[in-house]
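The values are calculated or read from the model by the stated rules, or taken from the named source; none is laboratory data. Bear in mind that the values here come from a model prediction, so they are computed numbers and not experimental data. Reconstructed Cβ throughout: ideal geometry from the backbone, glycine too, with neighbour counts over all protein chains shown.
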Amino acid sequence: PVIEEIHVKLGVEAITLAWALLLGATLGGNLTYIGASANVVAVRNLEEHGYRVSFYDFVKLSIPFNTVSVVTGWILYEILWVLS
């Protein structure tokens with residue numbers, strides 16, 4: 001419902017906003033360990049087994065994976081929606 005309302009006000013296609021929300025919420029949440037519940041659980045398990053994971057260490061390791069994920073998502077978006 002939010003996307004349907006915003007796309008009219010901005011003059012942007014709803015599917016474009018849906019993809020932006022999908023990429024931002026799904027991939028962006030994995031950049032930090034507080035951004036996704038699975039990351040919180042993983043860091044907690046590591047700490048219970050004696051490994052310390054700082055916020056900075058997590059972000060430093062997640063940036064390459066997120067970069068690949070975002071670029072892949074963008075390429076798929078271009079192929080599936082823009083070029084078709």
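Quick notes on this one:
- The lone criterion from (1) surrounded by 13 or more Cβ atoms within 10 Å (Cβ to Cβ); (2) over 18 Å from VAL59 (Cβ atoms); (3) at pLDDT 85 or above left unmet by GLU13 is number (1).
- Within the range 49-60, considering residues that are of a type outside the set (Phe, Trp, Tyr) and surrounded by 12 or more Cβ atoms within 10 Å (Cβ to Cβ), the one nearest to THR32 (Cα to Cα): VAL59
- Pick from the range 25-66, criterion under 25 Å from TYR77 (Cα atoms) and of a type in the set (Gly, Ala, Ser), ranking: modelled with the highest pLDDT: SER62
- Test: residue in the range 63-77 that is surrounded by 12 or more Cβ atoms within 10 Å (Cβ to Cβ) and farther than 24 Å from LEU22 by Cα: no
- Residue within the range 66-79 that is without any contact (Cβ under 8 Å) to a residue 60 or more places away in the chain and in a loop (DSSP other than H, G, I, E, B) present: no
- Taking the numbered list (1) in a helix (DSSP H, G or I); (2) modelled with pLDDT of 90 or more in turn, LEU22 passes all entries but (2).
- Candidate set from the range 27-48 (those that are assigned to a loop (DSSP other than H, G, I, E, B) and not β-branched (Val, Ile, Thr)); member that is surrounded by the most Cβ atoms within 10 Å (Cβ to Cβ): TYR33
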